[in-house]
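Chemist: Dumping the structure here so I can ask a few things about it.
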Amino acid sequence: MERDVFTGNFTQQEPLPQASVEAALRVMQSGRLHRYNTAPGEVSEAAALEAEFVAYTGAAYALAVASGGYALATALRALGVGPGETVLTNAFTLAPVPGAIASLGAVPVFVGVTEDLVIDLDDLAAKAAQARVLLLSHMRGHIADMDRLMQIANAAGLIVVEDCAHTMGARWNGVMSGRHGAIAAYSTQTYKHLNSGEGGLLITDDAELAAKMVMLSGSYMLYERHGAAPGPAVFDAVKYDTPNVSGRMDNLRAAVLRPQLADLDRQCARWNERYRAVEAGLTGTPGLTLIARPEAEDYVMSSFQFLALDWAGREVADLVARTARRGVELKWFGAPEPSGFTSRYDSWRYAPSQPMPRTDRVLAGLLDLRLPLTFSLEDCALIARIIREEAGAVFQAG
Ligand SMILES: *Cc1c(COP(=O)(O)O)cnc(C)c1O
């Protein structure tokens, strides 16, 4: 039998919009790439991006920075997290999240993941007293019950920082992801929902935290040139006491991001069409568990996850190898040795951890694929068919 092979590239993004290319050219022609290098009366691209991000999210303040990981560390610094302090975070997330905690000399304390791929709220409730801050990662775009999470956090006096690297544009119960916690951080790295190669954004409603984050990012005494920062009186209270840890965004990146932000909702809808095409193709596959999506969650899915729950390791490895031969790249979070990335608590050996059997069971069977917008809906259907056929072959043999 002639078998279909997929020939698309899982890491190929769309080109940037023409408006981004033209805006980048204008910045380069001006020579003014540094965000504070403005002509008299000029609003920099970075400041304009911040104003537009405030308009998009509804937050009071926004700050553009050099990366998502830098944004996370800046949020923690502004909250006064320091050496030796424990910070709660997800056992399943990407390396920059525990890395941001460790960059301050603080110590991550890991909270488990459920079969729905969200933070385990029972485990969170049990550990809530161990820290002052929760760095909550909406890993791979799966949003926990934020109403219950905030109840747990508020009852325990936990400050929540949201890592929205995968939830820019998503909502829980109508509330935009990033609007529940004290601070939210976003990434504009190439594999996220906006692409400037590297970059990050921060939002908050708290004027003092906003001023501290602006100072931390390296504003010198030029904070009045920001697009969505508090007034000078708030800076007067913090400006001599907040160190400069430079991590500004430049005008070139801001310029390519602004047209993408204007188009974000349309792009999010296109990602979700692709997600649903894969989901439809995999529904009912024997041996595979799809992730249930709650009614209250308006997700944005630029990747797809499913579980080969309780399969033997060699069976999952066999599925990954079989689909790879047909052009479908699956990432396996349960592989004995991490390759390409780390996403599990026991890969971060600088932080102490106890075995987490329920989390280990989920991660042992967790598979993931990227869904770049360069894939057509037919591509997505073919990818699902290949996974379904190969899972059938492995599952029957097993
Ligand atoms: C990408 C990502 C980040 C931030 O990454 P940067 O590469 O530093 O922008 C943070 N959290 C998660 C879950 C991510 O996937």
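The values are calculated or read from the model by the stated rules, or taken from the named source; none is laboratory data. What you see is a predicted model; the values in this text were computed from it and never measured. For neighbour counting, all protein chains shown are included, and Cβ atoms are generated from backbone atoms with ideal geometry for every residue, glycine included. SASA here: full protein model, heavy atoms, side chains in, ligands and nucleic acids out. Shrake-Rupley method; radii C 1.70, N 1.55, O 1.52, S 1.80 Å.
Chemist: In vacuo Debye scattering of the chain, one point per C-alpha: log10 I(q)/I(0) at q = 0.08, 0.11 Å⁻¹?
Modeler: One equal scatterer on each Cα of the chain leads to -0.43, -0.81.
Chemist: Could you tell me the center-to-center distance, by alpha carbons, between region 90-163 and region 339-398 in angstrom?
Modeler: About 21 Å separates the Cα centre of region 90-163 from the one of region 339-398.
Chemist: Pull up the cross-link candidates among the lysines for Lys212, meaning alpha carbon to alpha carbon under 28 Å and not fewer than 8 places away within one chain.
Modeler: In chain and number order, the partners are Lys192, Lys239.
Chemist: For Trp172, what is the net charge nearby, where nearby means another residue's Cβ is under 14 Å from its Cβ and Lys, Arg count +1, Asp, Glu -1?
Modeler: Values: positive: Arg148, Arg171, Arg179, Arg293; negative: Asp116, Asp145, Asp147, Glu162, Glu295, Glu297, Asp298.
After counting each charged neighbour, the total is -3.
Chemist: Per q in 0.20, 0.23 1/Å, what log10 I(q)/I(0) does a Debye calculation on the alpha-carbon atoms of region 32-133 return?
Modeler: Cα-only, vacuum Debye calculation for region 32-133: -1.04, -1.16.
Chemist: Determine the calculated [θ] at 222 nm for the chain from helices alone, applying -39500 (n - 2.57) to every DSSP H run no shorter than 4 residues and normalising by the residue count; nearest 500 deg cm²/dmol.
Modeler: On the way: 13 runs with 154 residues, N = 398.
Value at 222 nm, helices only: -12000 deg cm²/dmol.
Chemist: Which whole-number value in Å² is the accessible area per residue of region 190-238, probe 1.4 Å? Before the final figure, lay out each step's value.
Modeler: On the way: 1760 Å² over 49 residues.
Spelled out: the 1.4 Å probe surface of region 190-238, per residue, equals 36 Å².
Chemist: Let me ask something else about it. Write down Rg/Rh for region 65-205, rounded to two decimals, with Rg from the C-alpha atoms and Rh from the Kirkwood relation over Cα pairs.
Modeler: Values: Rg = 13.6 Å, Rh = 14.6 Å.
When Rh is taken as the Kirkwood radius, the ratio is 0.93.
Chemist: Under the rule that an exposed site lies in a DSSP loop and has at most 11 other Cβ atoms within 10 Å, name the longest stretch of the chain with no GluC sites (Glu not before Pro) of that kind, not counting the sites themselves. Don't jump to the answer; show the numbers that get you there.
Modeler: Numbers: sites that count: Glu2, Glu295.
Longest site-free region, per DSSP loop and neighbour criteria: 3-294.
Chemist: Moving to a separate point now. With a sphere of radius 12 Å drawn around the Cβ of Met139, what net charge do the other residues whose Cβ falls strictly inside it have (Lys, Arg +1; Asp, Glu -1)? Could you put the intermediate results ahead of the total?
Modeler: Numbers: positive: Arg140, Arg344; negative: Asp116, Glu162, Asp163, Asp368.
In short, -2.
Chemist: A further question follows. Which residues does a label at Ala280 reach in region 361-386, if reach means a backbone N under 19 Å from a point 7 Å past the Cα toward the Cβ?
Modeler: 371-386
Chemist: Further question: To the nearest Å, what is the center-to-center distance of region 198-258 and region 33-81, using C-alpha atoms only?
Modeler: Computed from Cα coordinates, the inter-centre distance equals 6 Å.
Chemist: OK, next. Out of all DSSP beta bridges in the chain, what portion is antiparallel? Express it as a percent rounded to 5. If you can, show how the numbers build up before the last one.
Modeler: Working: 26 of 41 bridges.
If we restrict to bridges inside the chain, about 65 percent are antiparallel.
Chemist: So for region 76-157, what are the equivalent ellipsoid semi-axes in whole Å, largest first, each being the square root of 5 times an eigenvalue of the Cα gyration tensor?
Modeler: Values: eigenvalues 78, 46, 20 Å².
Value: 20, 15, 10 Å, ordered largest first.
Chemist: Hey, another quick one. Please report, ordered by residue number, every helix of the chain (full DSSP H runs) that is 20 Å or longer along its axis going by C-alpha atoms and whose mean Kyte-Doolittle hydropathy reaches -1.0.
Modeler: Working: long enough: 264-282 (27 Å, -0.97); 377-397 (30 Å, 0.60).
Those that pass (Cα extent of 20 Å or more, hydropathy at least -1.0) are 264-282, 377-397.
Chemist: Also: How compact and how long is region 274-398, expressed as Rg and Dmax of its alpha-carbon atoms in Å?
Modeler: Gyration radius and largest Cα-Cα distance of region 274-398: 15.0, 45 Å.
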